[in-house]
Amino acid sequence: QVQLEESGGALVQAGGSLTLSCAASGGPFRSYAMAWFRQVPGKEREFVACIRSDGATWYANSMNGRFTSSRDDAKNTVDLQLNSLKPEDTAVYYCAAGRPIVSALTSPASYDYWGQGTQVTVSS
C-alpha cells in the first residue's frame, strides 16, 4: 500500500512559479510511474504530467511547456515545477502512482494510489 502526500500548494500571482512535491511511503516507489493531475470543482480530473520509473516524461499539451516533473528515487519524492502560472491553472493538484501503459497514462483510472491534493490558486 503506497501513501502519497502532496505539499507546496499556495496562492501565487499570475506569472509566478511554484514547486509542488509529493512524498511517497509504504511501497516500492521506484517501480511506479508518478503522475500529476489537477481538478477544479465541477470538472473531471485533468492529466498534467507523468514521469516513469526510467525517467521518461509526458506532459499535457495544454501546459505548453510551462511545467516540469522530476523524481528523486532516493528520497521517494516527485516534484512538479510550475512556471508562468495563469489564473486558469487554479486547481487542486493531485499526485498519483501506478503502472500505466503508455496509451493510458493520461487516464486517472490507470493509477492505483492518490494523495489528498494540494490547492494552487493563481490570482490575476
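General observations
- Every residue from the stretch 69-89 that is crowded, with 17+ Cβ neighbours inside 10 Å and not hydrophobic (A, V, I, L, M, F, W, C): SER69, ARG71, ASN76, THR77, ASP79, ASP89
- Number of the exception - THR106 against (1) open to solvent by 40 Å² or more (accessible area, probe 1.4 Å); (2) touching a strand residue (DSSP E or B) at 6+ places or on another chain (Cβ under 8 Å); (3) closer than 23 Å to VAL12 by Cα: (3)
- Qualifying residue in the stretch 36-54 (condition: under 18 Å from VAL102 (Cα atoms) and among the basic types (Lys, Arg)): yes
- Sole residue being farther than 21 Å from SER7 by Cβ and in contact with a Ser or Thr (Cβ under 6 Å, 6 or more places away or on another chain), chosen from PRO41, PRO28, PRO100: PRO100
- Number of positions in the stretch 72-81 that are more than 10 Å from the chain's Cα centre (by Cα) and closer than 15 Å to TYR94 by Cα: 1
- With respect to (1) assigned to a strand (DSSP E or B); (2) open to solvent by 50 Å² or more (accessible area, probe 1.4 Å); (3) among the hydroxyl-bearing types (Ser, Thr, Tyr), the lone exception for TYR93 is condition (2).
- The single condition among (1) in a loop (DSSP other than H, G, I, E, B); (2) at pLDDT 95 or above; (3) of a type in the set (Asp, Glu) that GLU88 does not satisfy is (1).
- Condition met for ASP112 (surrounded by 13 or more Cβ atoms within 10 Å (Cβ to Cβ), under 12 Å from the mean Cα position of the chain (by Cα) and assigned to a strand (DSSP E or B)): no
The values are calculated or read from the model by the stated rules, or taken from the named source; none is laboratory data. This one's a predicted model, so the numbers in the text were calculated from it and none came from an experiment. Note: ideal-geometry Cβ built from the backbone for every residue, glycine included; neighbour counts use all protein chains shown. With ligands, DNA and RNA removed, areas are computed over all heavy atoms of the protein, side chains included. Shrake-Rupley method; radii C 1.70, N 1.55, O 1.52, S 1.80 Å.
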